[in-house]
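Every number here is computed from the coordinates shown, using simple stated rules; none is lab data. Since we're looking at a predicted model, the values are computed, not measured. Cβ atoms come from the backbone with ideal geometry, glycine included; neighbour counts cover every protein chain shown.
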């Protein structure tokens with residue numbers, strides 16, 4: 001997940017709850033053997049939206065700089081007027097009533113990732129991103145578990161991986177979200193963990209990934225966002241991702 005991968009071309013096939021993703025990735029060495037340039041394209045289909053994007057990333061030792069552009073077509077876009085409640089209970093009622101709209105919009109993102117090995121068993125990984133989406137205002141951001149406007153989202157995911165090459169790794173994590181809603185900016189701190197292991201279905205080239213994040217309470221500024229944050233089907237401020245990835249190597253330079 002966090003180490004530099006071999007140069008060449010791979011195909012990633014992901015089963016994601018609830019959906020599937022297909023990704024093609026090509027990696028080439030640049031400025032010697034310590035740096036790597038990666039080109040990637042993917043197609044993601046879930047029960048709530050379809051998304052396709054293209055990425056380019058430059059890895060310089062432990063630092064990776066990336067840029068993304070793509071579009072999303074949401075089948076279950078949930079939008080709210082200024083005087084409507086936006087908490088999970090209100091969204092559950094909308095889900096029961098089937099009160100959705102459809103929306104298609106583009107997005108762009110810039111990222112800086114720092115991966116620092118501390119020893120053979122501990123790695124710090126920090127992913128910092130700035131994302132702009134042309135989403136409808138006051139709409140549910142399914143990916144991040146908040147309701148926000150069509151402006152810049154700043155996000156930092158900070159992880160400390162305890163790892164072993166045979167079974168994978170577990171990482172406590174902290175997430176910082178900064179987003180806009182109703183003409184104001186809100187910053188909230190979330191906490192959770194990541195678990196990644198090798199099921200071995202595809203020898204060593206597969207990963208089972210689980211991420212669980214919860215929001216303990218107030219945002220900076222004293223606003224309690226615990227009733228809003230999270231998946232609306234849950235009764236607690238929690239989001240989670242569960243995915244299985246298999247890797248199919250297509251080409252290596254030495255071949």
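Please say if the chain is rounded, prolate or oblate, where rounded means a/c under 1.5 for a ≥ b ≥ c the square roots of the C-alpha gyration tensor eigenvalues, and otherwise the choice is prolate for a/b larger than b/c and oblate otherwise?
Prolate, since a/c reaches 1.5 and a/b exceeds b/c.
What angle, in degrees between 0 and 90 and rounded to the nearest 10, separates the Cα long axis of helix 88-97 from the longest principal axis of the Cα atoms of the chain?
Around 80 degrees separate the two axes.
Between the alpha-carbon centers of region 218-253 and region 2-62, tell me the distance in whole angstrom.
Going from one Cα centre to the other spans 19 Å.
State, as an integer percentage, the relative contact order of the chain based on alpha-carbon contacts under 8 Å between residues 6 or more apart.
16
Hey, what's the Cα Rg ratio for region 136-211 versus the globular rule of thumb, 2.2 N^0.38 Å?
1.45
How would you rank 150-156, 114-120, highest first, on the average number of other Cβ atoms within 10 Å across their residues?
On the way: 150-156: 16.3, 114-120: 12.3.
With the highest mean Cβ count within 10 Å placed first, the list reads 150-156, 114-120.
Where does the chain land at 222 nm, in deg cm²/dmol rounded to the nearest 500, when only DSSP H runs of n ≥ 4 count, each adding -39500 (n - 2.57), divided by all residues?
-1000 deg cm²/dmol
Hey, what does the equivalent ellipsoid look like for region 175-245, semi-axes from the Cα gyration tensor as sqrt of 5 times each eigenvalue, largest first, whole Å?
Result for region 175-245: semi-axes of 32, 12, 10 Å.
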